[in-house]
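The values are calculated or read from the model by the stated rules, or taken from the named source; none is laboratory data. What you see is a predicted model, and the numbers here were worked out from it, not measured in a lab. Here the Cβ is made from the backbone with ideal geometry for all residues, glycine too, and neighbour counts use every protein chain on show. Heads up: the accessible areas ignore ligands, DNA and RNA and are worked out on the full protein's heavy atoms, side chains in. Shrake-Rupley method; radii C 1.70, N 1.55, O 1.52, S 1.80 Å.
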Amino acid sequence: MNLRRLFAIVLKELRQMRRDRVTLAMIVGIPVMQLVLFGYAINLNLRGLDAGIADQANTAASRAVIMDMVATGVIAPSAEADTPQQLMEMLRRGEISVGVVVPPDFERRVSEGREAVQVLVDGSDTVVQSAAIQLAQLPLQGAANGGNGRPPQAGSGQIAVVAFYNPERRSAVNIVPGLIGVILTMTMVLFTGVAIVRERERGNMELLIATPLSRSELMVGKVLPYAAIGLVQTTVILLLGLWLFQVPVLGSVLHVYLAAVLLILANLTLGLLISTKAQSQFQAMQMTFFVFLPSILLSGFMFPFAGMPRVVQWFAEVLPLTHFLRLIRGIMLRGASLWELWPEVLALLAFTTVMMALAILRFRKRLD
């Protein structure tokens, strides 16, 4: 073992690493990203769940109960309704996560000690369901006194929490639809992330330069085969989810595949943009990891979206997986149609268009 030769190799590796900006960014970026995400962005204590209010009593007492619920910080009123049916429609479309129903005879129910308030919950997200159960522990003024002067008791059963779409609180029902998005994000971005770089490393770029293909034709031609692979992966996950975990598909299967196509195209165009930037397949894989880590942590797949700070939520809205999770859970678990979830569709289409345009602009049919 010659220490001089050993030191020369170590020095050579350090200099090479210094020239590789992507690797250098990974050395610093990954610890910083994980520290910020786990320490600041991720919060398991849900607050500010979008709630719809149907106060049919509209009395001082009913308004006081609603204010007490809002004061807990668990819910934040975002919509009003006249009937419970309207709240159910809002839940199905994903506009709210919680619905609060106060019946017209609220005060009489309270004085008699009967169920006086219903909390309707989108149970497709088990974390949201667990957070909403806290509301059932609130005491109602006059709930337990019945005129006998006793103070109201917490958890007296007068606030009922009704969970829809996953009343058994099975985690597989929530996870399996999200896994479609996670797997498609990981594979589609990686496949196309190395597409252009692989052509250079194998010496095929010279052949492509000699062809009459335009930049747009080459980019689209790179995307389409992987789109078919993504649909095959979607089919495999759906069949295994149904067979192994009995995950329902309440909405249209066609809409499930259309939602998958939207995510596939968004991820493929993002991968193409990475491919035009990376200088090697290793760099492309490193850049893919930078995309995949925030996607899986901030999209709402692993941790509740509503628990994140507002700034982080704004950043998460840029990620395709965030919008796909709302689409796929709405279609599969709540029976919503693709058109009822049109904001998420437009977000994915806009992302695909921007990424494809940037990839085409950055790609040059030359070797340097």
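So how many residues does the stretch 58-90 have that are on the phi < 0 side of the Ramachandran plot, free of Cβ contacts under 8 Å to residues at least 60 places away in the same chain and not acidic (Asp, Glu)?
Selection size over the stretch 58-90: 19.
Is there a residue in the stretch 337-359 that is within 25 Å of Leu46 (Cβ to Cβ), in contact with a Leu (Cβ under 8 Å, 6 or more places away or on another chain) and open to solvent by less than 40 Å² (accessible area, probe 1.4 Å)?
The answer is yes; a qualifying residue exists.
Tally time: how many residues in the stretch 249-280 are among the polar types (S, T, N, Q) and buried (at least 17 other Cβ atoms within 10 Å of the Cβ)?
Number of matching residues: 4.
Looking only at the stretch 284-327, which residues are open to solvent by 40 Å² or more (accessible area, probe 1.4 Å) and either in contact with an Asp or Glu (Cβ under 9 Å, 6 or more places away or on another chain) or not aliphatic (A, V, I, L, M) (or both)?
Phe289, Phe290, Phe292, Phe305, Arg310, Trp314, Phe315, Glu317, Arg326
Residues that are loosely packed, with under 15 Cβ neighbours inside 10 Å and under 36 Å from the mean Cα position of the chain (by Cα): list the helices (runs of 4 or more DSSP H) wholly contained in the stretch 1-118 that include at least 1 such residues.
Per the criteria, 3-19, 21-36, 60-71, 84-93.
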